[in-house]
1. Along the Cα-to-C-beta direction of Ser108, a point sits 7 Å from the Cα; which residues of the range 47-87 have their amide N less than 11 Å from that point?
2. What net charge is computed for the residues neighbouring Met81, neighbours being all others with C-beta under 14 Å from the C-beta of Met81, Lys and Arg scored +1, Asp and Glu -1?
3. What list do you get for Leu71, Leu45 if you sort them by fewest beta carbons within 10 Å?
4. In whole angstrom, how long is each semi-axis of the equivalent ellipsoid of the range 34-128, when you take the square root of 5 times every eigenvalue of its Cα gyration tensor and sort them from largest down?
5. Take Lys64, Lys52 and order them by how many other Cβ atoms sit within 10 Å, fewest up front.
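Derivation of every value follows stated rules applied to the coordinates shown; laboratory data play no part. For clarity, every value in this text was computed on a predicted model and none was experimentally measured. As a convention, Cβ positions derive from the backbone with ideal geometry for all residues, glycine included, and neighbour counts pool all protein chains shown.
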Amino acid sequence: MISTSKNGKIFSETPFAVHEDNDIGSAHNAEQGDKQDIYQIGLILLEVITGKPTESQSQLESLKAQLSEALTEDQDRLKDMADPAIHGTFAVDSLRTVAEIALNCTASDPSDRPSIDDVLWNLQYSIW
């Protein structure tokens, strides 16, 4: 049942729908949903790193290419790509780790994206 709150927002009184095994609730689709969530985490990490949201697929691909190049070729360029609001608040190795996580999370092929456990472990590792 769909209801409207006092502020006009729509919400459901049954937030978890029950689906048949061959419906969108199947294990395969749940895994695809997890991989989509990982992709979204990657987008968030890219925005945290650069301070800029990606507004199109071409902009995202350009940013990923620049970040990949900075990771492999020039540590100073990687630091320059970081949001000025966070300059001086991070170790370069931590920035490198988070950038690598973001790139892995936004891989084009969902099967190449890490699990949430891997993402969390590596994020924790990046702050040590």
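1. Taking a point 7 Å out along Cα→Cβ of Ser108, the residues of the range 47-87 whose backbone N falls under 11 Å are 61.
2. Local net charge: -3.
3. Numbers: Leu71 17, Leu45 21.
Sorted ascending by nearby Cβ count, the order is Leu71, Leu45.
4. Working through the eigenvalues yields semi-axes of 20, 16, 12 Å.
5. Lys52, Lys64
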